[in-house]
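Visitor: Before we start, here is the structure in question, set down as structure tokens.
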Amino acid sequence: MNTKTIINIGELVGIVPEGVERLCGADMGSMGVLRDAWLRIEDGRIADFGKMEDIDSFASLGMTSKMSSRPSDRGPRQLQIGGVKQASGEISDTVIDAKGGMVMPAFCDSHTHLVYAGSREGEFLDKLAGLSYEEIAARGGGILNSSDLLHETSEDDLFEQSMVRVREVLAKGTAALEIKSGYGLRPDGEMKMLRVIARIRAAVPALVRATFLGAHAVGRGYTHEEYVREVIAMIPQAAELADYIDVFCDKGFFTVEDTDRILTEGARYGLRPKIHANELAVSGGVQIGVKHNALSVDHLERTTDAEIEALKGTDTMPVMLPGSSFFLGLPYGRARDFVAAGLPLALASDYNPGSSPSGDMRFVMALGCIKMKLTPAEALAAVTLNGAYAMGVSTETGSVTRGKRADLILTEPGWNLTRLAYNYTTPFIREVLF
Ligand code: NIG
Ligand code: FE
């Protein structure tokens, strides 16, 4: 057995009892905190945790009192104490002295488009000169620009380019990642993207989920109706590689009726929806998502009380993407109103070349606090457990819970949740554990 014990944790945050798959309303601020704690990992799973002063529990780790003395002022940060041979095989027992650092669940980013080719820096300059996202798209830029670049890029090259971003977000503390297709916009390109996502899934220790977003924009050479039919025709093949289905249900992209048709076909192939809704207009996307029992409805920059009402009592997670609001200058989602209505809320990065060229979930968490007025504890739930729910992995990861994957961030000494949002650009990660 491979075990790791983290000792001298200043604050162990994000503790949730077993069986809690998401946190709603006032409960979003309720993830537990243990000060001056230890945590034990066995074969990559959280085995147990407790307070350093709790001698009984600590003794149950089988460590000597010398090992438990704290804080250690000398010696290496990570020391091997085990290596005991047993009949069952080798025991590798590692002790990590957190030296007062915080341990928190790693981030769960439930909405990204990080498989793409090239860059859209040219459009960034157009944007700085005053063009809006919709104006850039209407000029043939935007998603279609990325689609052209994708067709010119080989599958291996697309994988390598995307892996640069995957490695970047893993180093920044993301341990669960949803990735969408949607820059292929014709059968060969969409399948190429889904195969690349499958390769990423096999290549990294993080949990990866794939979403088929054929209906991201009308592909070149199709009429609107021809393309909706093409998306429906792609579903059987896409369903072999995708976990979920998405439609950009918004002004200038796909209508509620298109979305209804596409999701109806997706359901026949077992694809649960995750919908792009209410980014550019009050689109009806939330209501059509709820009708199809969507796992999540995402963006929500523009929502009325009707959307909040539509989400009450459903299994659908609202997901807001403050990085897009920041980059595009859109309104921020009404996070406080959603929480006050008793709804759950997740935050995700939307990492993509057009509206959010960053997958930094710590920045997303900070925007959740600074711009959306979430408390640091609520923002933590939004970027961990609720994000995990929005990609269907919350029974596996997203909180400090016995039995879950030990997807954890160990910070440098002195950090706490408030500082994470307050000193929002200061490096804070000492180690990401998987
Ligand atoms: O989530 N809104 C639609 N899709 C992406 C943007 C994709 C792009 O511009 O490349 C988004 O913001
Ligand atoms: Fe998106």
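Visitor: What FRET efficiency, computed as 1/(1 + (r/R0)^6) with R0 = 25 Å and r the Cβ-Cβ distance, is obtained for residue 220 and residue 134, rounded to the nearest 0.05?
Guide: 0.90
Visitor: As I understand it, the dipole of the chain uses +1 on the Cβ of Lys and Arg and -1 on the Cβ of Asp and Glu, about the Cα centre. Which of 283, 264, 352 lies farthest toward its positive end?
Guide: The one lying farthest along the dipole's positive direction is 352.
Visitor: To make sure I understand the rule: partners must be lysines, Cα under 25 Å from the Cα of residue 180, and not fewer than 8 residues away in the same chain. Which ones qualify?
Guide: 127, 172, 192, 251, 274, 291
Visitor: Still on this structure, please answer the following. Say each of residue 148 and residue 424 gets a label point 7 Å from the Cα, pointing the same way as Cα to Cβ; how far apart are those two points in nm?
Guide: 3.5
Visitor: Same structure, new question: For residue 351, list long-range residues whose amide hydrogen, built 1.01 Å from N in the peptide plane, is under 5 Å from its own amide hydrogen.
Guide: 113
Visitor: Answer rounded, prolate or oblate for region 309-425, using the Cα gyration tensor with square roots of eigenvalues a ≥ b ≥ c: rounded when a/c is under 1.5, else prolate when a/b is larger than b/c, else oblate.
Guide: Judged from the Cα gyration tensor, region 309-425 comes out rounded (a/c under 1.5).
Visitor: Using label points projected 7 Å from each Cα along Cα→Cβ, tell me how many nm separate residue 314 and residue 157, to one decimal.
Guide: 4.1
Visitor: Give me the percent of Cα-Cα pairs in the chain that sit more than 40 Å apart, rounded to a whole number.
Guide: Value for the chain (Cα pairs over 40 Å): 20 percent.
Visitor: Contour minus end-to-end for residue 237 and residue 202, with contour as 0.36 nm per residue of separation and end-to-end as the Cα-Cα distance?
Guide: Once the chain is fully extended between residue 237 and residue 202, it gains 10.6 nm.
Visitor: With viscosity set to 1.002 mPa s and temperature to 20 °C, compute the Stokes-Einstein D of region 270-329, Rh being the Kirkwood radius across alpha carbon pairs; µm²/s, no decimals.
Guide: The diffusion coefficient I find is 187 µm²/s.
Visitor: Let me ask another. At R0 = 25 Å, how high is the FRET efficiency between residue 171 and residue 371 if r is their beta carbon distance? Nearest 0.05 is fine.
Guide: E between residue 171 and residue 371, to the nearest 0.05, is 0.50.
Visitor: Can you check what the net charge comes to around residue 190, using other residues whose Cβ is under 11 Å from the Cβ of residue 190 (Lys, Arg +1; Asp, Glu -1)?
Guide: +2
Visitor: In region 302-351, which trypsin sites (Lys or Arg not before Pro) are in a loop and have at most 13 other Cβ atoms within 10 Å, using DSSP for the loop call?
Guide: On the way: sites: 302, 312, 334, 336; in loops: 302, 312, 334.
Those satisfying the criteria are 312.
Visitor: Follow-up question, since we're still on this one. What is the gain in length, in nm to one decimal, between residue 269 and residue 126 on full extension, counting 0.36 nm per residue of separation less the C-alpha to C-alpha distance?
Guide: 47.4 nm
Visitor: Here is a further query. Given an 8 Å cut-off on Cα distances and at least 6 residues of separation, report the relative contact order of region 99-177 as a percent.
Guide: Normalised by residue count, the contact order of region 99-177 is 53 percent.
Visitor: Sticking with this structure for a sec: Provide the percentage of antiparallel DSSP beta bridges, counting only those with both residues in region 107-389; round to the nearest 5.
Guide: Details: 1 of 28 bridges.
That works out to approximately 5 percent antiparallel.
Visitor: Order 275-285, 100-110, 356-366 from most to least packed using the mean count of other Cβ atoms within 10 Å.
Guide: Details: 275-285: 24.9, 100-110: 28.8, 356-366: 22.4.
Packing order, densest peptide first, comes out as 100-110, 275-285, 356-366.
Visitor: Let me ask another. Can you tell me, using C-alpha contacts under 8 Å and at least 6 residues apart, the relative contact order of the chain as a whole percent? Intermediate results must be reported in sequence, preceding the final value.
Guide: On the way: 1000 pairs, mean separation 88.6, N = 434.
Once normalised by length, the contact order is 20 percent.
Visitor: Still on this structure: Helix 224-238 sits at what angle to the longest principal axis of the chain, using alpha carbons and giving 0 to 90 degrees rounded to 10?
Guide: Tilt relative to the chain: about 40 degrees.
Each value in this text was obtained by applying a stated rule to the coordinates, not by laboratory testing. What you see is a predicted model; the values in this text were computed from it and never measured. Glycine also receives a Cβ, built like all others from the backbone with ideal geometry; neighbour counts cover every protein chain displayed.
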